[in-house]
1. Once the piece of chain linking Ser60 and Leu95 is laid out straight, how much longer is it, given 0.36 nm per residue of separation minus the C-alpha distance between them?
2. What does the extension gain come out to for Met1 and His53, with contour length at 0.36 nm per residue minus their alpha carbon separation?
3. Take the Cα pairs of the stretch 17-61, get the Kirkwood Rh, then feed it into Stokes-Einstein at 4 °C and 1.567 mPa s and tell me D in µm²/s.
4. List the equivalent ellipsoid semi-axes of the chain in whole Å, largest first, each obtained as the square root of 5λ for an eigenvalue λ of the Cα gyration tensor.
5. When the helices in the chain are scored as -39500 (n - 2.57) per DSSP H run of 4 or longer and the sum is shared across all residues, what 222 nm value do you end up with, to the nearest 500 deg cm²/dmol?
6. Could you name the lysines whose alpha carbon sits less than 22 Å from that of Lys41, not counting residues in the same chain fewer than 8 places away?
7. Go ahead and run the numbers for FRET between Ser42 and Leu18, Cβ-Cβ distance against an R0 of 25 Å, rounding to 0.05.
8. Just want to confirm a number: the relative contact order over the stretch 1-67, from Cα pairs under 8 angstrom separated by 6+ residues, in percent.
Amino acid sequence: MISVFKKIKALTTNNKLLWKEEADGSTFYTSIDDYRVYIGKSVGTVSFELFNHHNINIGSLEHGGYFDSAEGLDTFYEEISKRVLKIDDGLDDLLNRLNKMD
């Protein structure tokens with residue numbers, strides 16, 4: 001599972017995987033053929049889960065809470081969140097508006 005996480009992280013960093021937001025606003029997912037990968041944050045715990053084409057969970061990792069099975073999972077979640085929610089775009093827009101006020 002760690003190898004899958006590392007590969008997905010590398011592909012995401014290289015803009016080869018597109019992530020989308022779930023309705024709850026704190027979970028994101030991507031699809032790889034018939035597989036679906038979720039990453040979410042709840043009560044300080046980040047979870048990374050992989051489901052097969054039958055929607056059966058075939059692996060998971062956690063950071064925080066009682067278990068810590070994946071170093072870097074929390075920063076990966078933040079990276080995905082910023083990309084999907086376009087947080088940096090909003091900051092750039094605000095900075096541009098502030099600069100125009102000078």
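The values are calculated or read from the model by the stated rules, or taken from the named source; none is laboratory data. All values derive from a computational prediction rather than experimental measurement. A quick note on method: Cβ atoms are made from the backbone with ideal geometry, for glycine too, and the neighbour counts reach across all protein chains shown. Accessible surface areas use protein heavy atoms only, side chains included; no ligands, DNA or RNA. Shrake-Rupley method; radii C 1.70, N 1.55, O 1.52, S 1.80 Å.
1. Residue separation times 0.36 nm, minus the Cα-Cα distance, leaves 8.7 nm.
2. Answer, rounded to one decimal: 17.0 nm.
3. It comes out at roughly 120 µm²/s.
4. In descending order the semi-axes read 29, 15, 12 Å.
5. Mean residue ellipticity at 222 nm (helix-derived): -12000 deg cm²/dmol.
6. Lys6, Lys7, Lys9, Lys20, Lys82, Lys86
7. Approximately 0.60, to the nearest 0.05.
8. Computed over the stretch 1-67, the figure is 19 percent.
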